[in-house]
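Report on one structure; see the data block that follows.
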Amino acid sequence: MNNNKISCPVSKKCGGCQLLNLSYTEQLKLKQSVVERLLKKFCRVEKIIGMDHPYHYRNKVQAAFYTNKQGKIISGVYQSGSHHVVGIDCCLTEDETADKIITTVRKLLPSFRLTTYNEDTGRGFLRHILVKRGFATNQIMLVLVTGTPVFPSKNNFVKAILKEFPEITTIVQNINNYNTNLVLGEQQKILYGKGFIEDILCGCKFRISPKSFYQINPVQTEVLYNTAMYYAQLKGSETVLDTYCGIGTIGIVAAKRGAGRVIGVELNGDAVKDAISNARANDLKNIFFIKGDAGDFMSEAAEENEAPDVVFMDPPRAGSAPKFLDALIKMSPKRVVYISCNPETMARDLEYLTSKSSYTVKKIQPVDMFPHTRHVECVSLLCRKETSKALEQ
Ligand code: SAH
């Protein structure tokens, strides 16, 4: 690995990579010390797992489009805290093919007399581009987000893009004519291919559509999930809960790796639909998904004396709610595998669980999912005191 400090000409304006002033080794040291400061009181913190090649790891790349006063088309990211587009042709964290597609589309626009959308007037055509690539399958989706449904010279434009990038497997037009910060609008038209791509993670297949959530660093997601599965120690007959399950990835990997029965719970209805179709795509019959608040689900399940063996929990940055944690204590599974993208809320929730129950934290593993940024992901294992001896392997 090249461990020199890397410079980026737009790092200040973009604001996406906060740690570029440090070499990658120094970044990992910093993240380790942040996690240790917050979590070492619960248990020894394992050494953070970094990337061998911490560049171009993002499988999903978005660019905003804008025409400046000189009539030049710019594509890139919004300057942090503003709606001014900072021009970017290549980024250290983004997939390189995705970046090439974006710059090529930008260069093609004038010859097709296609304009960029103007947020102030609500006029113009191209607003954003979104590219997603399945790293394991090399399927590529290009989403053109437009301010109007009318797409002049549509077929020729699509042909021109495909000539440059025959590896693109699907192209979608998404129409967003709202005054909004959201990139994608409601309406969608498939211009080429199936309208979705597939990727493979931990041996399981996942369908990714323009709007579905999918982990953006698949290499480290495998590391994260493999650690979570190792902590779960599934033997083949366990009842497993995958709470805050998103599109069902953790539960599906657990079902494939031998869980007896898996129930996933997730608040976002679109994600639940994706989870159900992902379970089908993997021929799994022992996994079910419920749309709802994880805290409500847990307290109802506890009332009904549901007794899972393993609970995976992967809450958003805000962490979990006391209602969830109280129900978890009541259900008392043998193992709780807590995955978190925010060590501060993880510390708060671990404090709650360990002070109100006989759970102790047995393992904490930080994983670097987002090199060059300040973010750090952690997996931890909790066991009940009375069973933890027998379960330590
Ligand atoms: N486990 C998934 C997703 C984790 S992200 C993965 O590994 O990809 C956290 C998820 O929690 C998001 O999908 C979000 O929609 C969901 N979520 C947020 N608040 C929730 C709540 N109160 N109840 C259930 N799910 C919730």
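May I ask for the longest run of the chain untouched by trypsin sites (Lys or Arg not before Pro) that are loop-located per DSSP and have at most 14 neighbouring C-beta atoms (other than their own) within 10 Å?
114-193
For a 28 Å ceiling on Cα separation, which of these pairs sit above it: K211/K291; K100/K291; K159/K273; K235/K363; K154/K205?
K100/K291; K159/K273; K154/K205
Under the classification rounded if a/c is under 1.5, otherwise prolate if a/b is larger than b/c and oblate if not, where does region 236-330 fall, given a ≥ b ≥ c as square roots of the Cα gyration tensor eigenvalues?
Here region 236-330 falls in the oblate category.
Once you have a ≥ b ≥ c as the square roots of the Cα gyration tensor eigenvalues for the chain, tell me rounded if a/c is under 1.5, and otherwise prolate or oblate according to whether a/b is larger than b/c.
prolate
With both bridge residues required to lie in region 95-227, what share of the DSSP beta bridges run antiparallel, to the nearest 5%?
Once the DSSP bridges in region 95-227 are tallied, antiparallel ones form about 70 percent.
Assuming R0 = 25 Å, can you tell me the calculated FRET efficiency for the pair R123 and E164, based on Cβ-Cβ distance, to the nearest 0.05?
Efficiency for this residue pair is about 0.35.
Looking at the chain, send over the antiparallel percent of its DSSP beta bridges, to the nearest 5.
Around 60 percent antiparallel, to the nearest 5.
Note down the relative contact order for the chain as a percent, whole number, built from C-alpha pairs under 8 angstrom at least six residues apart.
Relative contact order for the chain comes out at 15 percent.
Which ³J(HN,Hα) values in Hz, rounded to whole numbers, follow from the phi angles of region 183-194 under the Karplus curve 6.51 cos²θ - 1.76 cosθ + 1.60, where θ = phi - 60° and Gly and Pro get x?
6, 9, x, 6, 7, 9, 10, 7, 9, 7, x, 8
To the nearest Å, what is the center-to-center distance of region 39-80 and region 120-168, using C-alpha atoms only?
With region 39-80 and region 120-168 each reduced to a Cα centre, they are spaced 21 Å.
With the cut-off at 21 Å, tell me which of the pairs K5/K31; K256/K285; K107/K189 have Cα atoms farther apart than that.
From K5/K31; K256/K285; K107/K189, over 21 Å: K107/K189.
Which one of S299, S23, S153 has the biggest mean-square fluctuation once the chain is modelled by GNM with Cα springs under 10 Å?
S153
What list of ³J(HN,Hα) couplings, whole Hz, do you get for region 326-334 from phi and the Karplus terms 6.51, -1.76, 1.60, once you set θ to phi - 60° and write x for glycine and proline?
Per residue, the Karplus-derived 3J(HN,Hα) values read 4, 5, 4, 4, 5, 6, 6, x, 5 Hz.
Out of all DSSP beta bridges in region 264-393, what portion is antiparallel? Express it as a percent rounded to 5.
65
Determine ³J(HN,Hα), in whole Hz, for all residues of region 94-106 in sequence, where each value follows from phi through the Karplus function 6.51 cos²θ - 1.76 cosθ + 1.60 and θ = phi - 60°; x replaces Gly and Pro.
Karplus-based 3J(HN,Hα) across region 94-106 equals 8, 4, 5, 5, 4, 5, 5, 4, 5, 5, 5, 4, 4 Hz.
Would you please give the residues with an amide H less than 5 Å from that of Y359, counting only those at least 5 places away or on a separate chain, with H modeled from the backbone geometry?
K385
Over all directions, average the projected area of the Cα convex hull of region 42-156 and note it in nm².
Seen from a random direction, the Cα hull of region 42-156 projects 10.9 nm² on average.
How about region 314-393: which GluC sites (Glu not before Pro) there are in a DSSP loop, with at most 12 other Cβ atoms within 10 Å of their Cβ?
E392
Along its three principal axes, how long is region 1-98 when you only count alpha carbons? Whole Å, largest extent first please.
57, 28, 23
Most mobile of S237, S357, S212 per a Gaussian network model of the chain (Cα springs, under 10 Å)?
So, out of S237, S357, S212, the one fluctuating most is S237.
Every number in this text was worked out from the coordinates using simple rules, so none of it is lab data. Predicted, not measured: the structure shown is a model, and the values here were computed from it. Ideal geometry is used to build each Cβ from the backbone, glycine not excepted, and the neighbour counts take in all protein chains shown.
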